[in-house]
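For reference, the structure discussed in these notes is given below.
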Amino acid sequence: MSQIEAFKHAQPVPDDIAVSTRNICKTYGSVEALKDMTLEFPRGQLTSLLGPSGCGKTTLLKIIAGLLPPTSGEVTVNGKPVTGPGPDRAFVFQDFALLPWASVLRNVAFGLELRGVARSEREDIAARYIREVGLGGFEQAYPHELSGGMRQRVGLARALSVDAQVLLMDEPFSAVDEQTRRKFQEDLLSLVQNENKTFIFVTHSIEEAVYVSDQIAILLPRPSRVSEIIRPTGFRQKSADSIRRDPEYLDIVDDIWASLRSYVE
Amino acid sequence: MVYRPLFLKLLSALILFGAWEIAGRIPVSYAFPTFLDSVAALWRMIIDGSLFVAYAETLKPLVTGVAISTVLGIALGIWIGLSRVFDWLFSPIFVVMQSAPLAALIPLLVMAYGIGLTSKVFVVCIMAMPVIVLNTAGAVRHTPENIKAMCRSFMGTRIDMLFKIIIPAASPLIFSGLRLGISAGFIGAILSELKITPTGVGDIITFSRSIADYPSMYAAIFSIIVLAVLFLNLLERTEKHLFKGNDRGYVSD
Ligand SMILES: Nc1ncnc2c1ncn2[C@@H]1O[C@H](COP(=O)(O)OP(=O)(O)O)[C@@H](O)[C@H]1O
Ligand SMILES: [Mg+2]
C-alpha cells in the first residue's frame, strides 16, 4: 500500500476505545467474507466503514451488533466481549426494518417495548425523539404513509430512544434521495456532536464517509481486509455547508478514490 | 385502503338478483325459481320459525368445526412454519387433505364416527383446515428477515419474536387463509347434512327438493350464502381493527 498518501492525514488513535474487533474472520460456507479484521472505534466519534459492495461491511456490523457469530475472533464493547445483542448497542437498518402494522409512535418505542419499559414512559421518550428527528405530528402515521427519508428518521429515532452508547448504522442513507441524504448527513454531524455516542457508520460513498467521519476505515474486498485508516480532522470544526468546499476534504476524497480505483473493474 | 363504495355493492347485488329473476321467469329450468319467489319462501320460513330451527341444527357442526379449524389450524400452521421437522412431518397430510375427494371420505368417516355430530364436524374441519394451516405456515416461514433481525438487535425474546413480529407479519396471509377456510367450512357443513344425515338447512334442501318446492330449496341455499358473506365481512372488520397499517394493498371486500 505504498501509494497511499492519505496517511499524511493520519492522526494518533485516541486511547479511549469504545468498540474493538480483534482478528475477526467470517466465512459463509466457502465464501470468506471477513479475514483477520482488527479495528478500533474511539468513543464519542464517528467511524466509517467504507468499501465497495460485497466487501463485508454489513457482515462486520452485524457481528459487532451480536446478530451474527464470527467464525473466529472477538468483539469487545467497553472491554466486555460480545456474545449477542446488548443494551449498549442499537442498530439502524439500511432498509429501515419498520413494522408496517405499527404507528410511528409504536415503531419508535419498539426498542423500549422489547426492553420492558412501561407504555406511558416509553411513549413519552419516543415522542421526544420523534420531534428531535423532525417527525413531530406524524406520531400516528403508518410507515406506508411516509417517504423513504421519513421512514429512516423513524429508524433513527428508534435507535436513539433506547439510549445505547454505540449506534450501528448500515448504509442508512443509501435508500433515500440525494437532497434528503445531504440533509441527513448534516443532521448526523450535529448528532455526533450533541449526543455523546460512538457511531459506526457503513457506507459505500467516499464523499459521505469523508463528510461525516472522524475516522474512516477503508475495506478492500477478496480477501476482505482494512487497507488504511484515515482521520480527517482539519475541517471538523467548520460549519456543515463549508466542508464540501474545504481543500482537505477534497484531497482526502481524491486520495481515497486513488487507492480504491484499482479494485473497481 | 380500498372500501368498495356501498353504491357499487348495491349495484352489483341488483344486477345479480335481476339476472336471477329474469332467468327464473324465462325459465331456464322448471326447477329454477325466480328471485322473488325464493325471497317469499325465505320470508315464510322466517315467519314460521323453521329457518331458525334449521340453523340451530346446522350451526352446531359449522361453528364447532370452524372454531376447531381456526384455533388448531393457526397453531399447527405456526408450528409447521417455525420448525423444519414439523414441516416435513405434517405438511404432506394437509396437502393431501386439501386435494382429497371429500365425497369419497365421508363413508369412511361415517364408519369410524357414526352419523352424529362428530362426523359432521370432521367434514367441516377437513374442508376448512388445510388452507388455514398451509397459508399460516407459508406466511410464518416467509417472515421478512430484516424485521426479525431488528427484533433480535433490540433484544427481543423468542416470545416477543413470535407475538410481536412473526404473527403480525403473517396476519394478512393467515386472514386470507381464514377467509378461504371458513367459506369451505360452510360448504362442508351443508355437504355433511346432504351426505350424512339430513338435518338443519340440509334437511330443508333435501325435503323441499323431494316435494318439488324449489323456491324453499333455493331460499335455504341463498340464506347460507348470505350468512357466509356476513361472516366474512365480520372477519375482515376484525382484521382491519387488529392490524391497521397492514392492510395496504390487499384488503378488499
Ligand atoms: N447469509 C449469507 N450467506 C452467504 N454469503 C453471504 C451472506 N451474507 C453475505 N454473504 C457474502 O459475504 C460477502 C460480504 O457481504 P456483506 O457483508 O453483505 O457486504 P457489504 O455489506 O459490504 O456489501 C458477500 O460476498 C456476500 O455475498
Ligand atoms: Mg451491506
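What the table below lists for this structure:
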item: Options A:Leu156, A:Leu188: the member that is aliphatic (A, V, I, L, M), in contact with a strand residue (DSSP E or B) (Cβ under 8 Å, 6 or more places away or on another chain), in contact (Cβ under 8 Å) with a residue 24 or more places away in the chain and closer than 17 Å to B:Cys151 by Cα; result: A:Leu156
item: Flag for B:Phe7 being closer than 30 Å to B:Gly138 by Cα and either open to solvent by 90 Å² or more (accessible area, probe 1.4 Å) or of a type outside the set (A, V, I, L, M) (or both); result: no
item: Qualifying residue in the stretch A:163-178 (condition: open to solvent by 20 Å² or more (accessible area, probe 1.4 Å) and in a helix (DSSP H, G or I)); result: yes
item: Members of the stretch A:69-79 found to be open to solvent by 40 Å² or more (accessible area, probe 1.4 Å) and either within 13 Å of ligand 2 (Cβ to nearest atom) or more than 15 Å from B:Ser153 (Cβ to Cβ) (or both), listed by number; result: A:Pro70, A:Thr71, A:Ser72, A:Gly73, A:Glu74, A:Asn78, A:Gly79
item: Test: residue in the stretch A:82-97 that is away from every other protein chain (no Cβ under 11 Å) and either outside any loop (DSSP other than H, G, I, E, B) or open to solvent by 20 Å² or more (accessible area, probe 1.4 Å) (or both); result: yes
item: Hits in the stretch B:140-161 - residues which are open to solvent by 10 Å² or more (accessible area, probe 1.4 Å) and away from chain A (no Cβ under 13 Å); result: B:Arg141, B:His142
item: Check on A:Leu189, assigned to a helix (DSSP H, G or I), within 16 Å of ligand 1 (Cβ to nearest atom) and open to solvent by 10 Å² or more (accessible area, probe 1.4 Å); result: no
item: Filter result for A:Arg115 (of a type in the set (Lys, Arg), closer than 30 Å to A:Ile24 by Cβ and within 12 Å of chain B (Cβ to nearest Cβ)); result: yes
item: Positions within the stretch A:38-68 being within 11 Å of ligand 1 (Cβ to nearest atom), more than 14 Å from chain B (Cβ to nearest Cβ) and buried (at least 17 other Cβ atoms within 10 Å of the Cβ), in sequence order; result: A:Leu49, A:Leu50, A:Gly51, A:Cys55, A:Gly56, A:Lys57, A:Leu60
item: Residue that is nearest to ligand 1 (Cβ to nearest atom) [pool: residues in the stretch A:209-222 that are in contact (Cβ under 8 Å) with a residue 60 or more places away in the chain and in contact with a Lys or Arg (Cβ under 8 Å, 6 or more places away or on another chain)]; result: A:Leu219
item: Of residues in the stretch A:197-211 being aliphatic (A, V, I, L, M) and touching a strand residue (DSSP E or B) at 6+ places or on another chain (Cβ under 6 Å), the one farthest from A:Val162 (Cα to Cα); result: A:Ala209
item: Count of residues meeting criterion [outside any loop (DSSP other than H, G, I, E, B) and more than 10 Å from ligand 2 (Cβ to nearest atom)] in the stretch A:43-57; result: 4
item: Yes/no for B:Ile182 being in contact (Cβ under 8 Å) with a residue 12 or more places away in the chain, out of contact with any Pro (no Cβ under 6 Å at 6 or more places or on another chain), more than 28 Å from A:Ala159 (Cβ to Cβ) and open to solvent by 50 Å² or more (accessible area, probe 1.4 Å); result: no
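Conditions tested, residue by residue: (1) part of a helix (DSSP H, G or I); (2) touching a His at 6+ places or on another chain (Cβ under 6 Å); (3) over 17 Å from B:Pro168 (Cβ atoms).
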position	(1), (2), (3)
A:Asn107	yes, no, no
A:Arg128	yes, no, yes
A:Gly134	no, no, yes
A:Phe138	no, no, yes
A:His144	yes, no, no
A:Gly149	yes, no, yes
A:Arg158	yes, no, no
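The values are calculated or read from the model by the stated rules, or taken from the named source; none is laboratory data. These numbers were taken from a predicted model, which means no experiment stands behind them. Here the Cβ is made from the backbone with ideal geometry for all residues, glycine too, and neighbour counts use every protein chain on show. For the accessible areas, the whole protein counts, side chains as well, though only heavy atoms, and no ligand, DNA or RNA atoms are used. Shrake-Rupley method; radii C 1.70, N 1.55, O 1.52, S 1.80 Å.
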